Amino acid sequence: MASTAVMAGLGLAIVGYTGRYILRRAPNIVEQMSKAAEMLPKLDAESLASSKYYKGGFDAKMSKREASLILGVSPTASKQRIKEAHKRIMIINHPDKGGSPYIASKINEAKDYLESGKS
């Protein structure tokens, strides 16, 4: 019975000293974390603007520029190139493979728009 009380006392002492150690080190840990955060690269509008991805949303009415941006082809691309680009993008974004039905519809709309030759 006495050995159980001694073990419980030692366990509480270890927990207490460990907690005290952690609390004393906490200001240093916070300081080290803030220094590490300062060393990370900053993301600002200029660095995001140089990205190769288009940052805008969809227009209300499809335009030739928007259709070519969606498919990643030039506005004067041949029908064969449009078809290949559509197939490549639809494989990645198909709703059956976890893609968005809305994005898939915009990809199909872009293909139809460019193939029809509307201006």
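The values are calculated or read from the model by the stated rules, or taken from the named source; none is laboratory data. Given the structure is predicted, the values throughout are model-derived calculations rather than measurements. Please note: Cβ atoms are built from the backbone with ideal geometry, for glycine as well, and neighbour counts cover all protein chains shown.
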Q) Where residues in segment 88-101 are surrounded by 13 or more Cβ atoms within 10 Å (Cβ to Cβ) and of a type outside the set (S, T, N, Q), which of them is modelled with the lowest pLDDT? A) Gly99
(Q) Being farther than 21 Å from Gly57 by Cβ and either touching a Ser or Thr at 6+ places or on another chain (Cβ under 8 Å) or at pLDDT 90 or above (or both) is the requirement here; does Ala104 meet it? (A) no
Q. If you go through segment 73-87 one residue at a time, how many are modelled with pLDDT of 90 or more and surrounded by 12 or more Cβ atoms within 10 Å (Cβ to Cβ)?
A. 7
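For Ala104, indicate whether it is surrounded by 11 or more Cβ atoms within 10 Å (Cβ to Cβ), small (Gly, Ala, Ser) and in a loop (DSSP other than H, G, I, E, B).
Values: surrounded by 11 or more Cβ atoms within 10 Å (Cβ to Cβ): yes; small (Gly, Ala, Ser): yes; in a loop (DSSP other than H, G, I, E, B): no.
Judged against the criteria, Ala104 is not a match.
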(Q) Here's a check for you: in segment 107-119, which residue that is part of a loop (DSSP other than H, G, I, E, B) and exposed (fewer than 11 other Cβ atoms within 10 Å of the Cβ) is modelled with the highest pLDDT? (A) Gly117
